[in-house]
Amino acid sequence: MPKRSFQALLLAVGLLVANISWARTIVFQEGTPLPAGGLYAGTQDTEIEAVDSSTSFGTKISVRTDLDYSGAETQGLLGFDGLFGALPNQIPPGSTITSAVLTLEVFNSSNVPIGIISVYQMTTPWSESSTWNSLAGGVQVGSETVAVADDAHTTELIASTTFDVLPSLQAWAAGADNFGWVFLNSNTDGMEFWSSELATVAVRPKLTVTFVPPATPPAVPALTRHGLVALLVGLTLFGWVAIRPSARRRSASRMPSTPS
């Protein structure tokens, strides 16, 4: 192989390797299949009510957040256990999290007036048996959560809604404890979404995480759009460089010899 052809081949391979995407996506939803087999079973969700401060609601089929529910506040709690680890269905520790989207099925929207629903990363442990009293008068932003919400928006429609929880997943990937989230409502019209206890699996809370593992890539890499373009450019360049020398040789062989 001519030297220039070999150099072009190395360039094409380099462009290909540099643009291969090793990103993976795992969907965590109670009762749904995981990529390596089995069903996910790690969702925790409940609500805590100031009006019924010693009662736990972990078995309810819905989660409510309301600034004024029967005269007092109600807060929603949601978490997904077992996200990180060395098992095939987990996110490897040290992964780079590129996207994290929480999908909820709202069946009672907050729209009289339109309220803002904020989701905060919890820094305090809780369980489905937690109550308003066991959390010392409900969740306090800044002391039992991080200071800034992951996401906040209206949920005035009865439909699926999503929250961007990338900050939480990035914090957990970096070593912070995963205690899930609290949902707070800015107004007195409650918002409710279906919980993991609902019989209909498809509308249970869902967490979709896209990440790049820290070391070993998947067995079958997926090319990004830019990677495919780089591959095509590299192969085209290789073909052009490889063909030119042979074309010059053929052209030279057809030239008439100079008479002596």
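The values are calculated or read from the model by the stated rules, or taken from the named source; none is laboratory data. Quick caveat: nothing in here was measured; it's all calculated off a predicted structure. Using ideal geometry, Cβ is built from the backbone for each residue, glycine included, and neighbour counts are taken over all protein chains shown. Note: areas computed on protein heavy atoms with side chains; ligands, DNA, RNA excluded. Shrake-Rupley method; radii C 1.70, N 1.55, O 1.52, S 1.80 Å.
Numbers below:
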quantity: Region 153-166 - residue that is touching a Leu at 6+ places or on another chain (Cβ under 9 Å) and open to solvent by less than 60 Å² (accessible area, probe 1.4 Å) and, of those, nearest to Phe211 (Cα to Cα); calculated: Val165
quantity: Number of positions in region 167-193 that are open to solvent by 40 Å² or more (accessible area, probe 1.4 Å) and either part of a helix (DSSP H, G or I) or polar (S, T, N, Q) (or both); calculated: 5
quantity: Exclusive hit being open to solvent by 30 Å² or more (accessible area, probe 1.4 Å) and either touching a Ser or Thr at 6+ places or on another chain (Cβ under 7 Å) or modelled with pLDDT of 95 or more (or both), set Gln29, Gln44; calculated: Gln44
quantity: Test set (1) in contact with a strand residue (DSSP E or B) (Cβ under 8 Å, 6 or more places away or on another chain); (2) open to solvent by 50 Å² or more (accessible area, probe 1.4 Å) - Pro92 fails condition number; calculated: (2)
quantity: Residue tally, condition closer than 24 Å to Asn178 by Cβ, open to solvent by 30 Å² or more (accessible area, probe 1.4 Å), in a loop (DSSP other than H, G, I, E, B) and not acidic (Asp, Glu), over region 62-88; calculated: 4
quantity: Search result, residues across region 110-156 that are farther than 16 Å from Glu73 by Cα and among the hydroxyl-bearing types (Ser, Thr, Tyr); calculated: Tyr120, Thr123, Thr124, Ser127, Ser129, Ser143, Thr145, Thr154, Thr155
